[in-house]
Amino acid sequence: MNLNVGLEGSSITRPPFFDGNNYSFWKTRMTIFLQSLDYQLWHIVENGPRMPTRTIEGVVSLKPKNEFNDNDFKMLQLNSKAKHVLFCAVGPNEFNRISSCDMAKEMWDLLEVTYEGTNQVKESKISILVHEYELFLMYDDESISDIFTRFTTIINSLKNLGKSYPNQELVRKILMCLPKCWTPKVTAIEEAKDLSTLPLEQLLGSLMTHETTMKNHENVEVKKKKSIALKPSREESESDEEGDMTLITSQFKKFLKSQRVRRL
């Protein structure tokens, strides 16, 4: 168990820790963390800093440090701050991997290539995940919560690799993956809601509520069937008891009669 995740997760001021495991999870959290600190900081990580340059006789070259202005220093400071945040967010192995990088973007890209692969590898991963997405169906023993967990895992993994779907398509995909017994509910949602603006979370809530109602109906039906099954059983039991009493009474009368005959 990675205790670091639990410890740093209790503070919004500490970057999410990456120990070499579950990179996609860390990447998503780290992106949000950097954006929350300073969106310009995230821009530096994603796109790299604008290096201070000068143009002499049409030739562009880097400025010497003694010509840096305030904006130049601010840009370089943001790069250093981004590097510092990334260094604080990784363990020793990842630190050694990225420590020689001069730019925060280089550090970010190196981790990305290391754990997501080159563009060719990414395309292969995307192809596999898209295939899972297209064939996505609800299993017989699954709850609505279960299928949403599987579904969001797929779409989040695709999003991390640069592939995303519009909300309307995601909503329709969930509705299409449900079995036939859900058809009335699916039809009701399609008629009552605007699928282009319906949030997945709202769809989840609606489907979970319907699932609870369906289960309650099933429980009532099971109880009714048990009650009907028990009723004739009780009647048969009472009938058997009456039969037994009649037989015992008859045998007792025969016994008494035989005793009187003997006395005579």
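Bear in mind these aren't lab numbers, they're just calculated from the coordinates by the rules spelled out. All of these numbers come straight from a predicted model, not from anything done at the bench. As a convention, Cβ positions derive from the backbone with ideal geometry for all residues, glycine included, and neighbour counts pool all protein chains shown.
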Give the whole-number value, in cubic angstrom per residue, of the convex hull volume spanned by the C-alpha atoms of segment 3-116.
116 Å³
For segment 119-214, report the % of Cα-Cα distances exceeding 17 Å.
51 percent
Exceeding 31 Å between C-alpha atoms, which entries from my cross-link table qualify? They are Lys83/Lys159; Lys65/Lys159; Lys63/Lys125.
Lys65/Lys159; Lys63/Lys125
Could you work out how much longer the chain between Gln202 and Lys65 gets when fully extended? Use 0.36 nm per residue separation minus the Cα distance between them, nm to one decimal.
43.8 nm
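How would segment 53-107 be classified by its alpha-carbon gyration tensor: rounded, prolate or oblate, with rounded meaning a/c under 1.5 and the a/b versus b/c comparison settling the rest?
prolate
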Can you work out the PRE-style zone for Asp102? Point 7 Å along Cα to Cβ, and I want the residues of segment 38-67 with backbone N under 15 Å.
48-54, 61-66
Please compute, for the alpha-carbon atoms of segment 64-186, the extent along each of the three principal axes and give them in descending order in Å.
73, 31, 26
Residues Val171, Val186, sorted so that the one with the fewest Cβ neighbours within 10 Å comes first:
Val186, Val171
Where a ≥ b ≥ c are root eigenvalues of the Cα gyration tensor, a/c under 1.5 meaning rounded, otherwise prolate if a/b exceeds b/c and oblate otherwise, segment 144-195 counts as oblate
Please compute the modelled spin-label separation between Tyr165 and Glu123, points set 7 Å along Cα→Cβ, answer in nm with one decimal.
2.2 nm
XL table Lys193/Lys215; Lys81/Lys122; Lys27/Lys74; Lys173/Lys193; Cα-Cα > 18 Å flagged, in table order, is Lys193/Lys215; Lys81/Lys122; Lys27/Lys74
What is segment 119-214's relative contact order, in percent, from Cα pairs under 8 angstrom and six or more apart in sequence?
34 percent
Collect residues whose amide H, placed 1.01 Å from N in the peptide plane, falls under 5 Å from the amide H of Val90; neighbours closer than 5 in sequence don't count.
Phe18
